[in-house]
Amino acid sequence: MARQATGIGRTALVLGATGGVGGEMARALAVRGWRVRGLRRKPAENLRPDNIEWMVGDAMNAGDVMAAAEGAALIVHAVNPPAYRHWDRLVLPMLDNSIAAACANRARILLPGTVYNYGPDVFPLIPETAAQNPLTRKGAIRVEMERRLHRAVGQGAKLLILRCGDFFGPKAGNSWFSQGLLTPGKPPTRINQPGQPGIGHQWAYLPDVAETAMRLLDREADLGDDAMYHMDGHWDADGSRMVAAIARALGEPDLPVRRMPWWLLRLAGLAVPLFRELCEMRYLWQQPVRLDNRRLLALLADEPHTPLDLAVRRTLEGLGYLPALPADMPEARRCMPDRVASSHPG
């Protein structure tokens, strides 16, 4: 499927454009012809342009966000506090700044959503209409974020929430894939398995997430002012598919697989906020949790879906575990639906 220049004449501000999710969104928007602005705290001297107009500012500063969003039709809110420090104190003020800028410009906010909003009362298959009764502090903050966003729709903003499973991708540094399944900064000598044997888990390849968001934005007239969709991504029915794909990509089929040492992660969380955040979400690995994408399929007919082996290979390249394959490898296959992408969860 050829990408269309559907954003010509429109401006998008991406908050978090130096991160994994925001970076993929920014690049995908630029391909669609959008004028893309990125906000960062330091000058962008060492960043590749990627057709992004970099502006110096802080997502915590309302004036910086308002200035960067001037004339924008879209604000991608994909920003998190550095290293997840003070997450509970910073996340909502940053969102409020995006909301104020969106209301002032009558822009749409695009939020990459998570499953943290949900508790076991709606497991294992979660539609967009499911009640949000989170178990964790982070989940409660996520629920409050979405409550404020829905309220902003009545104040001049528009909204698109695209909810996905756990992210992985070439530039997804802070993720379960890079920080949990593998040991950061070390050659892979084993793969960690966070879940219990036989428990399914849902993954989302970031280039697919960005492409899905673009296809939704292409259907602006059909979205309405308050839109929410769930992606299926890669469903690992028993928790073994992702581990096996990593071993295949590394060319080490006999690489040991070890159960996640949760006790050690809890201990490390005393000093490292990211590990503390990972431990809080352990309940999502103890039972199947799957987002239902039937509403998305009803609008788009299919969901962008990179074959798992190619997605894992590209992710390991981006994380430095493997050398990059030639640039002309048929990456475009990720835009082609397959049976996994076009079938209903079951």
Which value in nm describes the separation of the simple spin-label points at Arg266 and Ala131, placed 7 Å from the Cα toward the beta carbon? 2.9 nm
Counting only protein heavy atoms, what percent of the accessible surface of the chain is carbon or sulfur at a 1.4 Å probe? 54 percent
Below 8 Å, C-alpha to C-alpha, sequence gap of six or more: please give me the relative contact order for the range 223-295 in percent. 42 percent
Rounded to two decimals, what ratio of Rg to Rh does the chain give with C-alpha atoms and a Kirkwood Rh? 0.94
For the chain, longest principal axis from Cα atoms; helix 206-218 axis from its Cα atoms; angle between them, nearest 10 degrees, is 30 degrees
What percent do you get for the relative contact order of the chain when only Cα pairs under 8 Å and 6+ apart count? 16 percent
Cα centroids of the range 142-214 and the range 59-113: how far apart, whole angstrom? 18 Å
In what sequence, highest mean first, do 292-300, 198-206 appear when ranked by Cβ atoms within 10 angstrom? 198-206, 292-300
Sort 146-158, 249-261, 64-76 by the packing proxy (mean of other Cβ within 10 Å over each peptide's residues), most packed first. 64-76, 146-158, 249-261
Cut-off 15 Å between beta-carbons: net charge of the residues surrounding Gly180, Lys and Arg +1, Asp and Glu -1: +3
How much accessible area per residue does the chain have, counting only protein heavy atoms and a probe of 1.4 Å, in square angstrom? 43 Å²
Counting helices only, and only those DSSP H runs with n ≥ 4, report the 222 nm mean residue ellipticity of the chain as the sum of -39,500 (n - 2.57) divided by its residues, in deg cm²/dmol to the nearest 500. -10000 deg cm²/dmol
Could I get the Rg over Rh figure for the range 44-181? Both from C-alpha atoms, Rh via Kirkwood, rounded to two places. 0.97
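The values are calculated or read from the model by the stated rules, or taken from the named source; none is laboratory data. Predicted, not measured: the structure shown is a model, and the values here were computed from it. Note that we place each Cβ from the backbone using ideal geometry, even for glycine, and neighbour counts take in every protein chain shown. Remember, those area values only see protein heavy atoms, side chains included, never the ligands or the DNA or RNA. Shrake-Rupley method; radii C 1.70, N 1.55, O 1.52, S 1.80 Å.
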